[in-house]
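Visitor: Once you've had a glance at the structure underneath, I'll fire off some questions.
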Amino acid sequence: FPLKKDGKMVWIDIGGGTARNLEFLPVEVIRKYFKEIVICDISASLLEMAQKRINAMGIQDIARVVEHDVTASSMFDVLPAAGSVDMITMSYSFSMIPDQKAAIANATKLLKKGGHIGIADFFQK
């Protein structure tokens with residue numbers, strides 16, 4: 001996904017679990033390019049580990065965890081505003097979501113114009 005030169009990006013990691021994806025970016029890069037990162041998952045125990053990772057990285061001023069179902073319309077009450085998100089990732093979580101159409105529809109509503117959704121998952125032909 002492209003990083004904006006001016007920074008101030010908003011990233012939501014749907015099904016982000018333990019926030020492992022954060023470790024693929026150096027803290028300096030996170031601080032330079034992101035103003036908000038949300039790790040969203042339905043598993044409280046995984047999000048507990050995510051919060052520990054966020055704290056260990058020292059980015060709790062930028063990143064937060066949210067326990068919520070992204071297929072529910074109430075997700076708009078707890079996630080960044082519709083039309084304000086630069087990128088959404090789903091790493092091996094999309095295939096675990098029973099209502100995939102609702103997940104994509106809601107994720108699309110969150111994206112700002114020119115935003116990106118990145119999915120890495122298991123798919124069958």
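Visitor: Assuming 0.36 nm per residue, please report the length gained on full extension of the stretch Lys101 to Glu67 beyond their Cα-Cα distance. Numbers along the way, then the final one.
Guide: Numbers: separation 34, 0.36 × 34 = 12.24 nm, distance 1.99 nm.
So the extension gain works out to 10.2 nm.
Visitor: Given only helices, namely DSSP H runs of n ≥ 4 each adding -39500 (n - 2.57), what is the per-residue ellipticity at 222 nm of the chain, to the nearest 500 deg cm²/dmol? Provide the component values of the computation, followed by the final result.
Guide: Details: 4 runs with 36 residues, N = 125.
Helices in the chain give a 222 nm mean residue ellipticity of -8000 deg cm²/dmol.
Visitor: Something else: Based on a Kirkwood Rh over C-alpha pairs, give the Stokes-Einstein translational diffusion coefficient of segment 3-70 at 25 °C and viscosity 0.890 mPa s in µm²/s.
Guide: Working: Rh = 11.8 Å.
The diffusion coefficient I find is 208 µm²/s.
Visitor: Another one. Whole-Hz ³J(HN,Hα) for each residue in segment 62-67, computed from phi via Karplus 6.51 cos²θ - 1.76 cosθ + 1.60 with θ = phi - 60°, x for glycine and proline: what do you get?
Guide: Result, rounded to whole Hz: 10, 9, 8, 10, 9, 8.
Visitor: What FRET efficiency would be calculated for the residue pair Ala44, Lys5, taking the C-beta separation as r and a Förster radius of 30 Å, to the nearest 0.05? Could the numbers behind the result be given before it?
Guide: Numbers: r = 37 Å, r/R0 = 1.23.
The pair Ala44/Lys5 has a calculated efficiency of 0.20.
Visitor: Let me ask something else about it. Starting at 0 and stepping by 5 Å, how many percent of the alpha carbon pairs of the chain end up in each bin?
Guide: Result returned by the calculation: 2, 11, 23, 26, 21, 12, 4, 1, 0.
Visitor: OK, next. Which residue, Ile12, Ile30, Ile39, has the most motion in a Gaussian network model of the chain that connects Cα atoms within less than 10 Å?
Guide: For the chain, modelled as a Gaussian network with Cα springs under 10 Å, the answer is Ile30.
Visitor: How compact is segment 53-125 by the rule of thumb for globular proteins, expressed as Cα Rg over 2.2 N^0.38 Å? Don't jump to the answer; show the numbers that get you there.
Guide: On the way: Rg = 13.3 Å, N = 73, 2.2 N^0.38 = 11.2 Å.
That ratio works out to 1.19.
Visitor: When the Cα centres of segment 1-53 and segment 97-125 are compared, how far apart do they sit, in Å?
Guide: Each part's Cα centre sits 17 Å from the other's.
Visitor: Quick one: accessible area per residue over the chain, 1.4 Å probe, rounded to a whole number of Å²?
Guide: Spelled out: the 1.4 Å probe surface of the chain, per residue, equals 56 Å².
Visitor: Let me ask something additional. Give me Rg over Rh for segment 71-112, both radii from the alpha carbons and Rh done the Kirkwood way, two decimal places.
Guide: Numbers: Rg = 10.1 Å, Rh = 10.6 Å.
For segment 71-112, the value is 0.95.
Visitor: Give me the number: length gained by fully extending Glu28 to Lys113, i.e. 0.36 nm times residue separation minus the C-alpha to C-alpha distance, one decimal in nm. Display every interim value, and only then the final one.
Guide: Numbers: separation 85, 0.36 × 85 = 30.60 nm, distance 2.62 nm.
My answer for the length gained is 28.0 nm.
The values are calculated or read from the model by the stated rules, or taken from the named source; none is laboratory data. Quick caveat: nothing in here was measured; it's all calculated off a predicted structure. When we count neighbours, we look across all protein chains shown, and the Cβ atoms used for this are built from the backbone with ideal geometry, even at glycine. We work out accessible area using only protein heavy atoms, side chains counted, and drop any ligands, DNA or RNA first. Shrake-Rupley method; radii C 1.70, N 1.55, O 1.52, S 1.80 Å.
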